[in-house]
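The values are calculated or read from the model by the stated rules, or taken from the named source; none is laboratory data. Just so it is clear, the model here is predicted, and its values are computed rather than measured. Don't worry about glycine lacking a Cβ; one is built from the backbone with ideal geometry, like all the others, and counts go over all protein chains shown.
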């Protein structure tokens, strides 16, 4: 099966790209004046956060397509991108709190971005649980698509309210994790390349997960054909 | 009135209806027969507009105009459900469904319809929740809803379920009134004897054979 | 300068962050690969049975 | 258009008939609110000092938040019995009239829970001198309710067929309406503490509440019709 070799090749490429951009961020990017080395966590935290929120956008598109084109497989795409989105939100929270420890001295800080990511993680969990709790079929695709649109439409409002709420209670600290305020050009290139690679990895994982789901559905189809 | 051509329906890759075609004209009864699980109820729910067919076409024409939204001219009686709000009484239940159709029946019309089904007794027609009704009474109330709806096409799934002998006679009388007035009926019923007098047109649905 | 920044050895934090990232993404990828293999095996088995039965 | 309006009014009128015939459906959220307020007082103790308003506002909105969720979760139960919901889908009933009817019913039942909660907090904590029973605060609360009700009807319809309804509320409904809680609490606080007037709040919290309300309602009207269409 030639496509097998293709996918193995692609995954190796992914691993190579990630390794390259991470070493770039870890080794070759300059140290940060204020925070020293520990800021390098930004090279995994910010790309993960960006991918997490970007997958919410893709979920919106997949959901709209599901509602418009009934027979399309967009429902499975929505389900896969939500799962990958959950992985990245959890990753963002983990790296965010690891970065927070040396920066704020605590594992959790009610930073606007982190809080929104936390809520987004809950929403992804809700989406996946609702998806699996419904009986398979066109109705489930429609309900999941509706929820996908609601979640994606709500994220900006959540972020807005949390940011206002956050600035009300604590004035923004000088360097916030994920803050690009004091970033110089060299760091910016490294960060952007890390982000681009992380988006590609996210897309690749979503595509592979989608293929598994499509394969599982195909097997279900076959199993029905066998039943008398 | 109702024309169904080459209807296909599959649920989760399982083809249930394969190329069903039939026609019901005004004043006619279509009796849908078939073994259990052959898709009779699925066909009814497709005709009622609850489920979408995967292929094929259904056209409903009343006084030779095609109806865009079939639901305006169709009343559906599901097999295991009567569509009654348990906490509401008979009058309110009937009034609710007629109002949704844009009709506003007076109390007399509702009571007259209930009378035909022996449900018009003052103690049981109002402030008496329908959840306290017996199965037969609920079925008769649902049939009263179908009768009051004034729609030309009736889709009745096991209408005789729970009806006693008297109920069956009442059912036959409203059925003949409906047919004489130029209405049409598609019915699924295991109990075929009461329908014989109307010499129904029969549509046989074979069970899907394993591919 | 963040009060906790100086004198704190950043290596464990950086390695923890990147380690978790590698673990989660790698683990998820591996899980997908395992799942793909399992599904493929079932598919091939069912096709084989179909041929022999006909 | 007239049919649309009469269909909506039919759903609203019969919605009330059901609620009236089944008082437990709206009494239990109110009683839940009362108990929560009492438990709040027991756990927080007497409230004085600068933070009084903050605590009272938080207490009110949290209590209202949870009791509203109870009534939203059970909102479509009468429709689910005896195949009423499926029969409604076979009727020539437009999705928006249906949604609008349900929305109005939920809004009024929501007010029946929200207003007593606000009154009770002010009543129970009269000694603290802070009262939420003022027009601006109630306007903020009702605006918050308008968004939550719009989302509540949609989510109730979506989770109707799913088995795990209980878990879906903390995972879906609360995170989605978190901005409403934040905005309502902050807006009410700025009214009570800094006696900011409503107009200036429009460009901040009240504005966000309105955007949330309008967005949820529009999503509701558009997506509800899609959900009930023949699948």
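Observations
- Residues (more than 19 Å from residue D:72 (Cα to Cα), within 9 Å of another protein chain (Cβ to nearest Cβ) and crowded, with 17+ Cβ neighbours inside 10 Å) located in segment D:7-58: D:7, D:10
- Filter result (surrounded by fewer than 20 Cβ atoms within 10 Å (Cβ to Cβ), modelled with pLDDT of 90 or more and part of a loop (DSSP other than H, G, I, E, B)) within segment B:70-86: B:79, B:81, B:86
- Some residue of segment A:141-164 being modelled with pLDDT under 95 and outside any helix (DSSP H, G or I): no
- Put simply, of B:17, B:94, B:47, B:103 the only residue that is farther than 28 Å from residue B:130 by Cβ, touching a residue at least 40 places away in the same chain (Cβ under 8 Å) and more than 9 Å from every other protein chain (Cβ to nearest Cβ) is B:17.
Conditions (1) in contact (Cβ under 8 Å) with a residue 40 or more places away in the chain; (2) at the interface with another protein chain (Cβ under 10 Å from one of its Cβ atoms); (3) farther than 25 Å from residue D:158 by Cα, marked per residue:
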residue	(1), (2), (3)
A:46	yes, no, yes
A:55	yes, no, no
A:59	yes, no, no
A:67	yes, yes, no
A:105	no, yes, yes
A:127	yes, yes, no
A:132	no, yes, no
A:142	yes, yes, no
A:145	yes, yes, no
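- Residue match in segment D:84-98 (condition: part of a helix (DSSP H, G or I) and within 30 Å of residue D:57 (Cβ to Cβ)): no
- Where residue D:133 falls short, out of the listed (1) more than 10 Å from every other protein chain (Cβ to nearest Cβ); (2) modelled with pLDDT under 95; (3) assigned to a helix (DSSP H, G or I); (4) over 23 Å from residue A:136 (Cα atoms): (3)
- Of all residues in segment A:26-44, those that are in contact with a helix residue (DSSP H, G or I) (Cβ under 9 Å, 6 or more places away or on another chain), part of a helix (DSSP H, G or I) and more than 9 Å from chain C (Cβ to nearest Cβ) total 2.
- Test: residue B:27 is assigned to a strand (DSSP E or B) and at positive phi: no
- Only one of the numbered conditions (1) under 24 Å from residue D:179 (Cβ atoms); (2) modelled with pLDDT under 90 is not met by residue A:107, and that is (1).
- Evaluation of residue A:216 against (1) free of Cβ contacts under 8 Å to residues at least 12 places away in the same chain; (2) away from chain B (no Cβ under 14 Å); (3) closer than 19 Å to residue A:138 by Cα (one fails), failing number: (2)
- Hits in segment A:147-161 (condition: more than 7 Å from chain D (Cβ to nearest Cβ) and either within 28 Å of residue A:221 (Cβ to Cβ) or touching a helix residue (DSSP H, G or I) at 6+ places or on another chain (Cβ under 6 Å) (or both)): A:148, A:151, A:152, A:155, A:159
- Among (1) under 28 Å from residue D:16 (Cβ atoms); (2) at pLDDT 90 or above - the single one residue D:160 does not satisfy: (2)
- Number of positions in segment B:104-143 that are within 23 Å of residue D:3 (Cα to Cα) and surrounded by 17 or more Cβ atoms within 10 Å (Cβ to Cβ): 2
- Residue count for segment A:14-28, restricted to those that are modelled with pLDDT of 85 or more and either surrounded by fewer than 17 Cβ atoms within 10 Å (Cβ to Cβ) or in contact with a strand residue (DSSP E or B) (Cβ under 8 Å, 6 or more places away or on another chain) (or both): 5
- Residue within segment B:118-134 that is in a helix (DSSP H, G or I) and within 19 Å of the chain's Cα centre (by Cα) present: no
- Number of the exception - residue D:222 against (1) within 14 Å of chain A (Cβ to nearest Cβ); (2) assigned to a helix (DSSP H, G or I); (3) touching a residue at least 24 places away in the same chain (Cβ under 8 Å): (3)
- Restricted to strands (runs of 3 or more DSSP E) entirely inside segment B:150-211, those with at least 2 residues that are within 15 Å of the chain's Cα centre (by Cα) are B:153-157, B:184-188.
- Scanning segment D:155-180 for residues that are within 7 Å of chain A (Cβ to nearest Cβ) and in a helix (DSSP H, G or I) yields a total of 11.
- Filter result (modelled with pLDDT of 90 or more and surrounded by fewer than 18 Cβ atoms within 10 Å (Cβ to Cβ)) within segment A:31-63: A:57, A:61
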